[in-house]
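K.L.:
Before anything else, here's the structure in question.
Every number here is computed from the coordinates shown, using simple stated rules; none is lab data. From a predicted model like this one, the values you see are computed outputs, not experimental measurements. Note: ideal-geometry Cβ built from the backbone for every residue, glycine included; neighbour counts use all protein chains shown.
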Amino acid sequence: MSYLLLFLCGSVTALPYVCEYLFFLPYFSIVPLFVIAKRKKSAYRHGLCFSMGYYLVVYHWFCYLYPMDFAGISKGGSVGVIALAWVGLSLLQ
């Protein structure tokens, strides 16, 4: 349950990158990260869930690369490349 909450809080923290008028949300959405991650054993996993939600929203701009005709990739292939970049880089972070 706490992992899902942290994932959602990470997503809410990144929303000002998408909609700039939501600038006040990170002030409230970072608080659960510090409250839940107090336990040192699972702090890394909690931070990982938070950052996964954060980067999935931040990397939304990969969708603007579709279609990737400029690189000579078909439309189906460009969907795969964009999905791999969006999810893969979020997991890498």
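K.L.:
Calculate the dipole size of the chain relative to its Cα centre from +1 charges on Lys and Arg beta carbons and -1 charges on Asp and Glu beta carbons; express the result in debye to the nearest 20. Before the final figure, lay out each step's value.
P.N.:
Numbers: 6 positive and 2 negative charges, 122 e Å.
Here the size comes out at about 580 debye.
K.L.:
Hey, if you put +1 on the Cβ of every Lys and Arg and -1 on every Asp and Glu Cβ in the chain, which of Ser11, Phe23, Ile73 ends up farthest toward the positive end of that dipole?
P.N.:
Ser11
K.L.:
Helix-only mean residue ellipticity at 222 nm, the chain, DSSP H runs n ≥ 4 weighted -39,500 (n - 2.57), per residue, nearest 500. What is it? Write out the running numbers ahead of the final one.
P.N.:
Values: 5 runs with 62 residues, N = 93.
Estimated from H runs of four or more residues: -21000 deg cm²/dmol.
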